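> Pasting in a structure now, in structure tokens, and then I'll have a few things to ask.
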Amino acid sequence: MIRLRAFAALFLMSLALLAVMAQKPQVPPPDYFPLRVGDWWKYRSTTADGKQSEFTIKVLSDEKQGDGTNLYLVETLTTFQPIHDWYSKPSGQVLMHRVAYPKNEALKADYQPVKQYLKNPLSVGAAWEWKGKGMMGVEIEESSRVTGTEAVEVPAGKFQAMKVETKIIQGGTPVTKTYWFANWVGMVKSMTDTGSVKSTTELLDYSFKKSR
């Protein structure tokens, strides 16, 4: 009889524990490049001599592809003209398919082969490479590596971010780009160094900030 009562008590405790676990909100999987239609990110770029400009990136649409992934149309609004980029997110990757300047039909390109922009989720030590053609058929080579995690503070807030260093040779010209990506937010900071030109870009605000 005592054993039966003990078993019943244990069974009830297990049910209670399962009920509590079921009520807990499900934590989404890591995503360092979230793309949801309607979301936007606002940035400010500052050159080494203090010149500043702002731009906004917004996810305009998504379209289901034959392989089951979505193709996302992302617009960058600058003070000059909009830029359209198309991304997909197959398992473990973020791919760039093409780029276009909608106000100038001549300025567009399909990346050949499709460019791996990121690994997703990011992990320290992860590395990837891409070699192909971009705008106007220019040869591009890229080599990227996640060098570590860093605490980053920008106008949009404080983030624990993954640092990605990318070495680029575009049309024979070397460029170094460094990115900081925060989980469930995206890029929060970047730095570009062409040798003659240096600039830093920081996240000012984003549409889903209050829900973090």
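> Which one is most open to solvent (accessible area, probe 1.4 Å), of the residues in segment 110-167 that are at pLDDT below 95 and not in a strand (DSSP E or B)?
M136
> Would you pick out the residues in segment 169-186 that are open to solvent by 30 Å² or more (accessible area, probe 1.4 Å), assigned to a strand (DSSP E or B), modelled with pLDDT of 95 or more and of a type outside the set (D, E, K, R)?
I169, P174, T176, Y179
> Is it the case, given these coordinates, that E165 is closer than 24 Å to W41 by Cβ and either among the acidic types (D, E) or touching a helix residue (DSSP H, G or I) at 6+ places or on another chain (Cβ under 9 Å) (or both)?
yes
> Here's a follow-up. Show the residue pairs meeting these rules: Cβ distance below 7 Å; 6+ apart or different chains; first residue within segment 146-157 and farther than 24 Å from W128 by Cα; second residue of a type in the set (K, R) and surrounded by 19 or more Cβ atoms within 10 Å (Cβ to Cβ).
V154/K189
> Looking only at segment 81-100, which residues are among the aliphatic types (A, V, I, L, M) and in contact with a Ser or Thr (Cβ under 9 Å, 6 or more places away or on another chain)?
The answer is I83, V94, L95, M96.
> Oh, and also: Given (1) closer than 21 Å to M187 by Cβ; (2) open to solvent by less than 50 Å² (accessible area, probe 1.4 Å); (3) not in a strand (DSSP E or B), identify the lone condition not met by F80.
If we test F80 against (1) closer than 21 Å to M187 by Cβ; (2) open to solvent by less than 50 Å² (accessible area, probe 1.4 Å); (3) not in a strand (DSSP E or B), just (2) comes out false.
> Which pairs do you get when a residue that is within 11 Å of V164 (Cα to Cα), found in segment 106-126, comes within reach of a residue that is surrounded by 15 or more Cβ atoms within 10 Å (Cβ to Cβ) and among the charged types (D, E, K, R), reach meaning Cβ atoms under 8 angstrom, with the pair 6+ apart or on two chains?
Close Cβ pairs (under 8 Å, with a partner that is surrounded by 15 or more Cβ atoms within 10 Å (Cβ to Cβ) and among the charged types (D, E, K, R)) amount to G125/R145; A126/K119; A126/R145.
> Counting just the residues of segment 39-60 that are outside any strand (DSSP E or B) and either among the charged types (D, E, K, R) or open to solvent by less than 80 Å² (accessible area, probe 1.4 Å) (or both), which one comes out modelled with the highest pLDDT?
Of everything passing the filter in segment 39-60, D39 is modelled with the highest pLDDT.
The values are calculated or read from the model by the stated rules, or taken from the named source; none is laboratory data. Note that this is a predicted model, so its numbers are computed, not measured. Cβ atoms come from the backbone with ideal geometry, glycine included; neighbour counts cover every protein chain shown. Each accessible area value is taken on the protein alone, full model and side chains, heavy atoms only, with ligands, DNA and RNA left out. Shrake-Rupley method; radii C 1.70, N 1.55, O 1.52, S 1.80 Å.
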